[in-house]
Amino acid sequence: MFYIFCPYCKEHREEEEFHARGQAHLMRPADPDNTTDEEWGDYLFFRNNPRGIHHEMWVHSVGCRKFFNITRNTVTYEILETYPMGEQPTITADIPSVRHEQGVQAADGGWQTVGARPESKALNEETSS
Amino acid sequence: MQRYSGFGLVKHAFGHHENWERQWRNPVPKKRYDVIIVGGGGHGLATAYYLAKEFGVKNVAVVEKGWLGGGNTARNTTIVRSNYLWDEAGRLYNHSLDLWKGLSQDLNYNVMFSQRGVLNLGHTLQDMRDIQRRVHANRLNGIDSEVVTPQQIKEIEPALDISSRARYPIMGASWQKSAGVARHDAVAWGFARGADALGVDLLQNTEVTGFKIRDGKVLGVHTNRGDIEAHTVGCVAAGNSGVLANMAGIKLPLESHPLQALVSEPLKPILNTVTMSNHVHGYISQSDKGDLVIGAGIDGYLGYGQRGSYPTIEHTLQAIVEMFPMFSRVRMNRQWGGIVDTCPDACPILSKTAIKGLYFNCGWGTGGFKATPGSGHVFAASLAKGEMHPIAAPFSIDRFHTGALIDEHGAAGVAH
């Protein structure tokens with residue numbers, strides 16, 4: 001059972017209040033009328049499916065009903081951070097060590113999760129993903 | 001290979017069953033094979049078996065990072081049916097059902113295929129319209145399928161609650177009589193034993209760590225036991241297909257989700273058939289051992305953890321109790337999860353890729369078990385000839401760019 005921190009409600013809530021809505025940070029093609037079939041198919045159907053760190057969009061469907069993003073490990077199910085729409089993740093597969101340096105709490109058996117974005121200012125600076 | 005028979009059983013009884021032959025060898029990898037199959041589950045082993053048996057390609061290796069049939073083959077709810085809506089899918093699954101019928105004899109291995117029928121319940125007017133449409137489509141494709149009334153359902157499955165008191169009263173169902181269940185482990189073991197006897201090397205504990213690709217052609221695989229060469233490589237890795245595709249630099253339109261199942265304590269025979277409901281979202285059958293075998297939907301998020309979430313268990317059991325109120329106090333014995341590779345149109349991918357000689361057979365999502373022999377057969381034909389088999393051809397990865405999708409969300413419905 002996930003225990004998810006909603007970045008709008010600022011509270012941890014149980015998984016059942018939320019719905020997973022797939023990969024985060026998808027960009028609709030800027031000029032849909034002039035995309036090739038290849039580009040349009042890629043946008044519609046092709047998703048990242050990593051074994052490890054993944055960024056996904058969730059909605060707090062029976063809470064504030066707002067969308068936000070989660071960085072989560074798809075093997076241990078550890079939630080590494082949650083952040084509002086429009087922001088970039090601070091933890092990515094390229095720099096997994098960041099969370100150790102900054103002392104993000106480790107998951108307990110992969111079930112207990114820590115959702116809050118760490119308070120540290122350095123953490124909130126944008127990093128390339 | 002020692003053939004199994006009733007006489008053999010009697011003969012070995014005198015030796016206290018201590019002298020049975022090993023079912024397959026544990027060979028050291030050769031340097032070169034004609035074909036490498038990555039993934040030693042049901043589909044991979046079936047592919048290897050048919051390659052050796054029907055298409056004369058005997059220099060084959062099956063590379064498996066764990067043990068044979070240890071993934072979804074061992075984790076599914078063993079339902080076999082072919083009542084899919086579209087012609088392409090109907091042909092594929094029906095080809096498989098035809099092979100199921102003679103499989104025990106063909107493999108000389110009892111896969112316990114039991115054609116006890118499958119009911120797909122309808123609880124709303126729209127359910128019934130969809131069921132009628134699907135049944136008509138099935139009949140046009142030569143698949144036995146019929147619409148049955150609640151009274152007929154009661155005769156088939158007396159334990160079902162068909163009363164109007166139910167929260168979602170049952171209005172009818174589609175009924176495929178030739179569908180049923182099989183013993184999942186035996187399917188993997190039977191194909192493994194058959195393939196091994198024909199000279200296929202089954203390489204367990206051998207993990208593929210990369211592909212050897214030059215000038216757009218696959219030349220072999222890197223493994224933790226050294227490099228193995230082959231100019232044809234077929235990847236049949238279910239939930240981990242995306243991981244393999246990444247190694248080859250290919251993107252697949254797959255997302256891997258946990259799908260879980262449960263079995264109850266063993267009960268005396270109570271269920272005659274397999275009952276599925278898209279609407280209340282659950283499905284149930286009873287194994288020969290007596291356990292109720294129960295399943296439902298996937299977890300909504302990506303996961304490779306081979307376990308499912310508690311909310312999903314709760315929803316699953318709600319659905320079962322809705323259909324069979326008498327099961328409300330049955331205790332569950334075990335619960336587990338498998339990683340299914342779901343495709344946007346709920347149909348598999350059997351396809352060539354941009355890399356010559358590299359093939360993928362994946363995307364079976366929640367319903368791959370029923371297709372094990374058919375998938376293996378058409379994929380083997382494709383690997384042997386270098387050209388996709390006519391039944392497999394519509395399932396090319398190109399369909400996600402051409403738009404020729406085969407939307408089976410209705411027939412795939414509740415995960416199975």
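The values are calculated or read from the model by the stated rules, or taken from the named source; none is laboratory data. The structure displayed is predicted, hence computed values, not measured ones. Quick reminder, even Gly has a Cβ in these numbers, built from the backbone with ideal geometry, and neighbours come from all protein chains shown. Ligands, DNA and RNA are excluded from the accessible area calculation, which covers all protein heavy atoms including side chains. Shrake-Rupley method; radii C 1.70, N 1.55, O 1.52, S 1.80 Å.
List of remarks:
- As a summary of the residue check, B:Asn138 satisfies the conditions (1) open to solvent by less than 10 Å² (accessible area, probe 1.4 Å); (2) touching a strand residue (DSSP E or B) at 6+ places or on another chain (Cβ under 7 Å) except for the one numbered (2).
- Exclusive hit being in contact (Cβ under 8 Å) with a residue 24 or more places away in the chain, more than 28 Å from B:Gly297 (Cα to Cα) and part of a helix (DSSP H, G or I), set B:Ala381, B:Ala354: B:Ala381
- Within segment A:1-51, the set of residues being open to solvent by 50 Å² or more (accessible area, probe 1.4 Å), within 8 Å of chain B (Cβ to nearest Cβ) and either touching a helix residue (DSSP H, G or I) at 6+ places or on another chain (Cβ under 7 Å) or polar (S, T, N, Q) (or both) comprises A:Met1, A:Glu16, A:Asp37, A:Glu38, A:Arg51.
- Test: B:Ile162 is surrounded by 23 or more Cβ atoms within 10 Å (Cβ to Cβ) and free of Cβ contacts under 8 Å to residues at least 60 places away in the same chain: no
- Residues (in contact with a strand residue (DSSP E or B) (Cβ under 9 Å, 6 or more places away or on another chain) and more than 14 Å from chain A (Cβ to nearest Cβ)) located in segment B:396-411: B:Ala411
- Residues that are open to solvent by less than 10 Å² (accessible area, probe 1.4 Å), more than 8 Å from chain A (Cβ to nearest Cβ) and farther than 22 Å from B:Ala411 by Cα within segment B:292-318 comprise B:Leu292, B:Gly308, listed in sequence order.
- Flag if B:Gly69 is more than 16 Å from B:Cys235 (Cα to Cα), in the same structural domain as B:His389 (by the TED database) and part of a loop (DSSP other than H, G, I, E, B): no
Rundown of residues vs (1) of a type in the set (A, V, I, L, M); (2) outside the structural domain of B:Gly386 (by the TED database); (3) under 19 Å from the mean Cα position of the chain (by Cα); (4) surrounded by fewer than 21 Cβ atoms within 10 Å (Cβ to Cβ), yes/no style:
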{"site": "B:Val218", "(1), (2), (3), (4)": "yes, no, no, no"}
{"site": "B:Val243", "(1), (2), (3), (4)": "yes, no, no, yes"}
{"site": "B:Val263", "(1), (2), (3), (4)": "yes, yes, yes, yes"}
{"site": "B:Pro266", "(1), (2), (3), (4)": "no, yes, no, yes"}
{"site": "B:Asn272", "(1), (2), (3), (4)": "no, yes, no, yes"}
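- For segment A:52-70, the set of residues classified as within 9 Å of the chain's Cα centre (by Cα) and more than 12 Å from chain B (Cβ to nearest Cβ) consists of A:Phe68, A:Asn69, listed by residue number.
- Positions within segment B:39-69 being open to solvent by 10 Å² or more (accessible area, probe 1.4 Å) and under 13 Å from B:Phe369 (Cα atoms), in sequence order: B:Gly41, B:His43
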